[in-house]
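Data first, discussion second: the structure below is written as structure tokens.
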Amino acid sequence: MQQKTEQNAPKIEEKKVVFENKPFHEEDLRKVWNLFIEELGKNSEQSLKVFMETYNFALEDTNITVFIGNSFIHEEFSKQIKEKLVSFLREQLQNNLIQLTFKVDSSKVQILKDNSGKNAFTELAEKFPILNELKEKFGLD
């Protein structure tokens, strides 16, 4: 009886978007990367937007290496945004071969360690004015 039910059940096919796997260059990637950042801002994902603005990347063929500040950020980034980013890049650049990997950039971490807390905040706030808004909103010193 179970076999009969399986045979009569409609088959649901997964639709996989297939592109021509067009070649792209770092300039193309940078434009699409910035588009993704804009979309994050529109979707009220400001913290992710701030992180994305600070990331550097390297492109080798269709492999994109994203350099991040530390492994904690890597974990959070992977949980919250990696799949969205890969899908967005593949769709916008029309290439299903795109792969994304992360590499901790210890020189970025070192810069923050060399500064006192206030100096580090001041430097980051110059880059990202939203930090001052958050500081005032939550009454932080």
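The values are calculated or read from the model by the stated rules, or taken from the named source; none is laboratory data. All values derive from a computational prediction rather than experimental measurement. Don't worry about glycine lacking a Cβ; one is built from the backbone with ideal geometry, like all the others, and counts go over all protein chains shown.
Inside the stretch 35-54, residues that are under 22 Å from GLN94 (Cα atoms) and in contact with a helix residue (DSSP H, G or I) (Cβ under 8 Å, 6 or more places away or on another chain) make up a count of 6. Looking only at the stretch 43-54, residues that are under 17 Å from SER87 (Cβ atoms) and more than 9 Å from the chain's Cα centre (by Cα) come to 2 in all. Scanning the stretch 87-101 for residues that are hydrophobic (A, V, I, L, M, F, W, C), in contact with a Leu (Cβ under 9 Å, 6 or more places away or on another chain) and part of a loop (DSSP other than H, G, I, E, B) gives a single hit, ILE98. Restricted to the stretch 104-141, and to residues there that are surrounded by 13 or more Cβ atoms within 10 Å (Cβ to Cβ) and basic (Lys, Arg), the residue that is modelled with the lowest pLDDT is LYS108. In the stretch 79-96, of all residues being loosely packed, with under 13 Cβ neighbours inside 10 Å and closer than 29 Å to LYS22 by Cβ, the one that is modelled with the highest pLDDT corresponds to SER87. Do the conditions hold for PHE72, that is, is it among the hydrophobic types (A, V, I, L, M, F, W, C), exposed (fewer than 13 other Cβ atoms within 10 Å of the Cβ) and modelled with pLDDT under 75? It is true that PHE72 is among the hydrophobic types (A, V, I, L, M, F, W, C), exposed (fewer than 13 other Cβ atoms within 10 Å of the Cβ) and modelled with pLDDT under 75. Of all residues in the stretch 55-84, which are touching a helix residue (DSSP H, G or I) at 6+ places or on another chain (Cβ under 9 Å), in a helix (DSSP H, G or I) and among the hydrophobic types (A, V, I, L, M, F, W, C)? Scanning the stretch 55-84 gives ILE73, PHE77. In the stretch 4-39, the residue that is farthest from THR62 (Cα to Cα) out of those that are at pLDDT below 85 and not in a loop (DSSP other than H, G, I, E, B) is LYS4.
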